[in-house]
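K.L.:
Structure incoming, see below.
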Amino acid sequence: MRNVRAVMEGGGADIAAFVRRRRKARRMSQASLAARAGVGTRFVSELERGKPTLRLDAVNRVLAVFGKRVGLADLERDGVIGLGPPRSK
């Protein structure tokens, strides 16, 4: 299964902060969010801390609780730095 290293390196703080803010706004514990998303409490904790290697499917299960999912974004438009251009074949 693919991980979300690129997402977390480029926007992990944004994802982590989003999940934490939404969870707290709904007065949910990490355990209750984990149960609703079908992931472990440790996963939610790692996601909220911005761990750079997490399973994309599990990240999307957590985000789905808030009506969101990970998607594609143009590097130039969003100012993501450090991922580099696509490799030539």
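K.L.:
Restricting attention to region 1-9, does a residue exist that is at pLDDT 95 or above, surrounded by fewer than 17 Cβ atoms within 10 Å (Cβ to Cβ) and over 9 Å from the mean Cα position of the chain (by Cα)?
P.N.:
Taking every residue of region 1-9 in turn, none turns out to be at pLDDT 95 or above, surrounded by fewer than 17 Cβ atoms within 10 Å (Cβ to Cβ) and over 9 Å from the mean Cα position of the chain (by Cα).
K.L.:
Restricting region 27-64 to residues that are of a type in the set (Lys, Arg) and not in a loop (DSSP other than H, G, I, E, B), which is surrounded by the fewest Cβ atoms within 10 Å (Cβ to Cβ)?
P.N.:
Taking the candidates together, the pick is 42.
K.L.:
Quick check on this structure: which one of 65, 59 is modelled with pLDDT of 95 or more, over 11 Å from the mean Cα position of the chain (by Cα) and not aromatic (Phe, Trp, Tyr)?
P.N.:
The unique qualifying residue is 65.
K.L.:
For region 12-26, which residues satisfy the criterion of being among the small types (Gly, Ala, Ser) and surrounded by fewer than 19 Cβ atoms within 10 Å (Cβ to Cβ)?
P.N.:
Once the filter is applied, which keeps residues that are among the small types (Gly, Ala, Ser) and surrounded by fewer than 19 Cβ atoms within 10 Å (Cβ to Cβ), region 12-26 yields 13, 16, 17, 25.
The values are calculated or read from the model by the stated rules, or taken from the named source; none is laboratory data. Please read all numbers here as calculations on a predicted model, not as lab measurements. In this analysis, Cβ positions are derived from the backbone assuming ideal geometry, glycine residues included, and neighbour counts consider all displayed protein chains.
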